[in-house]
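Here is the structure we will look at, set down as structure tokens.
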Amino acid sequence: MAMLKLSILAAAFVCACAVPHPPLRNTIFGDEKLEGQIFENLQYQVEDSSSRNIAANEYRLPTTTIPVHYNVLWNIVLTTYFIFNGEVTINLTPTQAGVNEIVIHSEDLNITSLSLKKQGSEANLEYSYFLQPDLDFLRVQLFNSTLDYDANVENIYELTIGFSASLRTDMYGIYRSWYFENPNNTALPIYMASTQFQGTSARKAFPCYDEPSFKATFDIRIRHSTQFKSWSCTRINNTIPEGTTYVTDVYHTTPKMSTYLLALIVADYDSRPVNNTQGLITYEVIGRHAAFEDSQYEYAFDVGQALLAEMNNITDIDFYEIPHMKMTQASIPDFSAGAMENWGLLTYREAYLMYNSEHTNSNSKQLIAYILSHEIAHMWFGNLVTNEWWDVLWLNEGFARYYQYFLTHEVETYMEFETRFITEQIHTSLLADSVTSAHPLSHSGIGSQESVSGMFSTLSYNKGAAVIRMTEKLLGSNVHKQGLRNYLKNRAFDIAAPIHLFQELQNVAEEFNATEEYGADFSVIDYYQSWTEQAGHPVLNVQVNHQTGQMLISQQRFDINSGYSTALRNWVVPITFATKSNPYFENTKPTHVISDGIAIINRGSVGDEWVIFNIQQTGFYRVNYDNYTWDLNALALRQNSGIHEYNKAQIVNDVFQFARAGLMPYHRALNILSFLENEVEYAPWVAAITGFNWLRNRLAGTENLPKLESLIANWTTTVIGNITYEPLPNETGTNFMRSYLRMQLAPTLCAINAPGCRDVAIRQFQEFVEGTEVPVDSRPWVYCNGLRNSTNAVVNFNFLYNRFKTHTVYNEKIVILSALGCTIHRESLITFLTDIFEDNYIIRPQDYSTAFNAAVSGNEENTQIVFEFIKQNLTLVENGFRVTSRFRSPLISPLSTIASRLRTEAEINEFQQWAVENRQVLGSAFGPVMNAAEDTRQSISWTKGIEGDLLLYLEEGGASIQTSTSAPTTTPLPSSTVTANPVVAPPTPELPDSAVTSALSISIIVGVAIINFAL
Ligand SMILES: [Zn+2]
């Protein structure tokens, strides 16, 4: 019997092998999977959704009891022991009869006491309790009784719990941080305590109902040494002395809120406050003394107030109407997230809040402005109205990201956030959304801490914001704003599901007839559901009959690996387009909405002319055209025919990704992109440099890289001639975008040795060593190329490293940290690496990734030096990255970074052989690390498949585009805008022979730590 089974299996195996599977095509390689990059969280989406749903429920609290009010005391001890203890009384009530158990969260806390009684009664109930660490639950079970329940009367029970724990060091829960008051005196660090609770860490600070839907009010008291001050969400009510060395600060009652939004700080900090006419504090910036001495708080102080006032106007709900509320902007030395929207006590990494005009560059300045904006927007979208669960996180983060750009635009207009939204948000989210494993915005099955963490993704943030912008254009800004105001007003101090938002927008659209041109069948709810309940987005294929003006439009889900994949259903797609005879790129209100797979729209003109769909890239989709129309569009781009800057960026991004996905040959893509030769605008060039850098990574180590780099150098001649490597006097204020574009182009141009770039860098670095500061916006690439082309490598490295250690502006420290890896002196690089990983007060764990990535990528030769260092110091590296690796082996990130930079098969084999020999030591990192190397092998293989196509352009130049002949004859289409059936699929793309035959490793993705700039 056993024998027979075996032979059947063997036959099946032979059969399976006899039918060749089409090679799976993959274009996502290590460089895009690394920490903080586009594809950071794929592993959450490949699991079977039914098993996820079952598992998710396990982690959720029962709703049989709910909290009404908390009374919490925290005692923070910032001396020898670094501990905290405290007591919480939770006023809770049953929601049904027969409840004999109370389940709340508690993680890593010692429970020192527990009692339960009915409010107004002296007698404690009889109960037992136990902890369930795998689910972070604290279960309190009643003996032979149930909680009294009456549908008409709220029966309150008081659950009082004493707790204690060490102050954490992993930057979650209540944790300790440090700084030096004087950077030249590093003998005595000063300690402080801060918190980070989102999404699942309030349970590490006190026993509580740690899910966003369990909203309650909080009375908070913080006991601390008189050496320190304390801060929490609301104003201090009074302070009670506790002997001579301790005090207890008593805070006013908070609004009804979720636990993840609570915060506390205990620190010897300075404050720059604003008081209202009653003398009560309304707004302040707080931070360490040294950062206050040169007024680094001023920018956040001014801009934060302006942003808050503007957001009050936009929402028509005054932040200060919430009783006892003030806004504290706090700068924190160690912070795992970039920033956090705790209600009334917003926290930031110091580099994201403190500004110094001489040492903070344009990138950091805009970062401060837009992170402030993001967190301030959360006061309404997230704090006042909260996502009901983390599976619809986009209701919080999509809006915060949207206002991060469009609120900041109202206050700091010269930073052109509207322009930058295109490349920074739309293009990044289209990419993240173009794999089969992408998650829908509304994503069921989220339960564990790890899966909650995975929702803080490029999709929740960037795609959420992009879809919100599309909706704003669909309804018109004023109607959209009114809908949002109604949503906030009707859901205030409560939670929201997506349908609440959709319904408010539907109501307001009907009230103002905002969607009548889209047809009687149009529904905002259907539209929004099509974009939030399924993953992905379409590519619109537009085929134009230039003789009749009829345009055949079909939609299919885009796939970055293979061109197209299967959509669950069609999207409800807003349509806008401009043409040569109707070139109005300012009109972003859609003229049509299509919801079928295929539709016909009349262009309104006949004869050959360019047609550009998706005006200002307001719709969340890509657009491909028939070849003839592409030719007309390419000619129009070359002739500078008034095509909008955002649409040029859209075309650059689309064309690069169509080529990557196999929908368009590279030689044709580059022919269309050749308009860049005369292009000087910001957005198309940022889109282009992103696309070129991806291609450079593919060609790295091959003989064809110089050919590509020569093309980039040629095409950038005009734009760099326009913005120059040398800044204008006072450029950062008046010519922000000129400076900002240079910041993005120069690093690549120096790396490819474009004429002039390194000369400027070397000269400015030499002047810097001699005492003249480098223009602040030029420092990232001047520091790097100064070190890279140094004739005095050791001295110059030490000069810059010493500046890092002693500088008091954190932005400058980060710029230096990112440049130190450019040293060409091997021992200096080793010193830098050792300092990253050793436990010291030089480089903070929050900056380890920045520093390490700089060390690996500073020069091509660094990869092997750093790999050798890791091999020799595996335990040191593992311990170093442990703090920032929450749910995975600390070795995955550094080794995968190395793997992504291997250049040849021989290097890959050697790397994998080392991994195999050290399999035991690598433990759970082994699989991901092996796969990371395999990714690079696929990258090499994929590149071989497209090189011939690429060389057609790089070696032979572009074919001239001829459209003087008449348009090709096509069968006239029916003159109707009614959708036609059946759906005709666009032709299957011709895929380059990529020869990628080994199993894909998407299911085991490296680099899963989620570091978003702003939470
Ligand atoms: Zn956020």
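The values are calculated or read from the model by the stated rules, or taken from the named source; none is laboratory data. Since the model is a prediction, treat every value here as computed from it, not as a measurement. Every residue, glycine among them, receives a Cβ derived from its backbone with ideal geometry; neighbour counts consider all protein chains shown. When the accessible area is computed, the model is the full protein with side chains, heavy atoms only, and any ligands, DNA or RNA have been set aside. Shrake-Rupley method; radii C 1.70, N 1.55, O 1.52, S 1.80 Å.
Relative to the 2.2 N^0.38 Å rule of thumb, the range 103-196 has a C-alpha radius of gyration ratio of 1.63. By the rule of a C-alpha distance below 18 Å, with chain neighbours fewer than 8 residues away ignored, the lysines paired with K365 are K813.
Which of rounded, prolate or oblate describes the range 489-562 when judged by the alpha-carbon gyration tensor and an a/c cut-off of 1.5? Since a/c reaches 1.5 but b/c is at least a/b, the shape of the range 489-562 is classed as oblate.
Within the straight-line cut-off of under 15 Å between alpha carbons, the aspartates and glutamates reachable from K118 are E101, E126, D148, D150, E154, E158, sequence neighbours fewer than 8 places apart in one chain being disregarded.
Taking the inverse of the mean 1/r over every pair of distinct Cα atoms in the range 671-783 gives a Kirkwood hydrodynamic radius of 14.8 Å. Global dimensions of the chain from alpha-carbon coordinates: Rg and Dmax equal 29.5, 95 Å.
Helix 49-59 and the long axis of the chain differ in direction by around 20°, with both axes built from C-alpha atoms.
At a threshold of 8 angstrom on Cα-Cα distance, excluding pairs fewer than six apart, so keeping six or more, what relative contact order does the range 493-568 reach in percent? Write out the running numbers ahead of the final one.
Details: 60 pairs, mean separation 14.6, N = 76.
Taking the mean separation of contacting Cα pairs over the length of the range 493-568, I get 19 percent.
Loop-only GluC sites (Glu not before Pro) in the range 348-445, please: DSSP not H, G, I, E or B, and at most 13 other Cβ atoms within 10 Å. Each step should come with its number before you reach the end.
On the way: sites: E350, E358, E375, E388, E397, E410, E412, E416, E418, E424; in loops: E358, E388, E412, E416.
Filter output for the range 348-445: E358.
Taken along the Cα-to-beta-carbon direction at a fixed 7 Å, the label points for N238 and A906 span 8.0 nm. Rounded to the nearest angstrom and listed largest first, the equivalent-ellipsoid semi-axes of the range 349-486 from its Cα gyration tensor are 25, 19, 16.
Normalising by the residue count of the chain, find the relative contact order in percent from Cα pairs under 8 Å and 6+ residues apart. Across the chain, relative contact order equals 12 percent.
Which of the three applies to the range 245-308, rounded, prolate or oblate, going by the alpha-carbon gyration tensor with a ≥ b ≥ c and a/c under 1.5 meaning rounded? Write down the numbers at each step before the final one.
Details: a/c = 1.64, a/b = 1.24, b/c = 1.33.
Oblate shape, in that a/c is at least 1.5 and b/c is the bigger or equal ratio.
How much space per residue, in cubic angstrom, does the convex hull of the C-alpha atoms of the range 415-552 take up? Intermediate results must be reported in sequence, preceding the final value.
On the way: hull volume 23.6 nm³, N = 138.
In the range 415-552, the Cα convex hull volume per residue is 171 Å³.
Ignoring lysines fewer than eight residues from K481 along the same chain, the ones with Cα atoms less than 23 angstrom from its Cα are K463, K473, K489, K589. Summed over the residues of the chain and divided among them, the accessible surface reaches 37 Å² per residue at a probe radius of 1.4 Å. The Cα center of the range 115-182 and the Cα center of the range 443-493 differ in position by 32 Å. Placing dummy labels 7 Å off each Cα toward the beta-carbon, the span from Q639 to R763 is 4.1 nm. Label positions at D108 and T95, each projected 7 Å from the Cα along the C-beta direction, are separated by 2.9 nm. The H on the amide N of A330, modeled in the peptide plane, is under 5 Å from the matching H of I286, L346, T347, Y348, each at least 5 residues off or on a different chain.
Descending by average beta-carbon neighbour count within 10 Å, the peptides 939-946, 803-810 line up as 939-946, 803-810, the highest first.
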